[in-house]
Amino acid sequence: MRVAEDISGERIANIAAGDEGEPIVIDARDPPGATDDMRGIALAAGAYVFWGVVPVYWRWLSNVAPFEITVHRVLWCALFVIGVTVARGRTTALLAMFRQPKLIATLAMTSVLISANWLLYIYCVASHQLVEASLGYYIVPLLSIALGVFLLGEKMSRLRLLAVALAGVAVIVKTVEVGRAPWIALVLALSFGFYGFFRKRAPVEATDGLTIETLLLFPFTLALVLYWTITGTGSFTLNHPLTDGLLMFGGPLTAVPLAMFAAGARRIRLTTLGFLQYLSPSITLSVAVFGFGEAFTRSDAITFGCVWAALILVAVEGQITRARTRTPPAPAR
């Protein structure tokens, strides 16, 4: 679901796709006269729609613990992307990356962050808390703005300051109404926001980055799956072909929409991508309320209203900024 992106295009943008994707570093400024390729829109929108409805897939594995699902997801994703790496002829380049300690340290950190994010998201599906999960991914772009200010020294306009303040109000409203902080939304936003922040600083393209991240965790996930299988304590027992197949397909399920997104992002403008990003949490929210029957309370309406208003402010400011940069200066008199 979700995008840590600077809609105004003032800096390098982290384009991330909901819980399933990862940031792809793209030049933030569109070239003059840039237009959208319809194939690009279809690919990017398809990836966001896919990420929006993917909770339905995880619901089919409701008989498997979220932690075990996440372990299998990392394991089979690693095997799948290794095959893709070989097919793309990227093996030599990938091995060279393992000789860069700083890069590997960064990707080790991001692998833990994204795995934790996946685990919590799948837990939300299992525990019927997708409404709060979608709130977390709506907050991600606003959190990215705050990270840019506090960690990168970026300047914050008044509109963006108001947007971040509205996000704070949303959290406070939710906390007062339910008597606790919306920890799921906050942890999802923080884990994905910091994931995007650190991946932005790693000079590696999306598929290579995902390959290294999953490979770093591969020995641990393989050991766990083998242990569960040998002791008969896991769900991957070869006695339930449907469950086994669903667990194994979690690998391609993670990598394929990311490839679709990467291909689409290169063909369309960042402003277009910035608006498409909200397809994913919006669809997930609809699936949660109308598909899974989760409650959407008065406090949810106020909370989401504050966050949506904040995102509109950021989008409007981005459009104003882009219009100013594209307007030629008046001739000197």
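So here's what we get for this one:
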read-out	value
Residue match in region 16-39 (condition: part of a helix (DSSP H, G or I), modelled with pLDDT of 50 or more and surrounded by 23 or more Cβ atoms within 10 Å (Cβ to Cβ))	no
Lone unmet requirement of (1) assigned to a helix (DSSP H, G or I); (2) surrounded by 19 or more Cβ atoms within 10 Å (Cβ to Cβ) for Ser235	(1)
Region 141-160 - residue that is within 21 Å of the chain's Cα centre (by Cα) and closer than 22 Å to Pro281 by Cα and, of those, surrounded by the most Cβ atoms within 10 Å (Cβ to Cβ)	Pro141
Scan of region 76-118 for residues that are farther than 27 Å from Tyr137 by Cα and of a type in the set (Ser, Thr, Tyr), ordered by number	Thr85, Thr91, Thr92
Those residues of region 54-88 which are out of contact with any helix residue (DSSP H, G or I) (no Cβ under 6 Å at 6 or more places or on another chain), at pLDDT 90 or above and within 25 Å of Arg201 (Cα to Cα), in sequence order	Ile82, Val84
Filtered residue count, region 142-163, keeping only those that are closer than 17 Å to Gln319 by Cα and either in a helix (DSSP H, G or I) or touching a Pro at 6+ places or on another chain (Cβ under 9 Å) (or both)	8
First in region 35-57 and free of Cβ contacts under 8 Å to residues at least 60 places away in the same chain and farther than 21 Å from Ala288 by Cβ, second anywhere and in a helix (DSSP H, G or I) and acidic (Asp, Glu), Cβ under 8 Å, 6 or more apart	none
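For every residue, the table says whether it meets (1) under 20 Å from Val84 (Cα atoms); (2) without any contact (Cβ under 8 Å) to a residue 60 or more places away in the chain; (3) surrounded by fewer than 19 Cβ atoms within 10 Å (Cβ to Cβ).
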| site | (1), (2), (3) |
| --- | --- |
| Glu213 | yes, no, no |
| Pro219 | yes, yes, yes |
| Leu222 | yes, no, yes |
| Thr243 | no, no, yes |
| Phe249 | yes, no, yes |
| Ala255 | yes, no, no |
| Leu258 | yes, no, no |
| Ala262 | yes, no, no |
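The values are calculated or read from the model by the stated rules, or taken from the named source; none is laboratory data. Please read these numbers as outputs of a predicted model, since none were measured by experiment. Cβ coordinates were reconstructed from backbone atoms using ideal geometry, including for glycine residues, and neighbour counts include every protein chain displayed.
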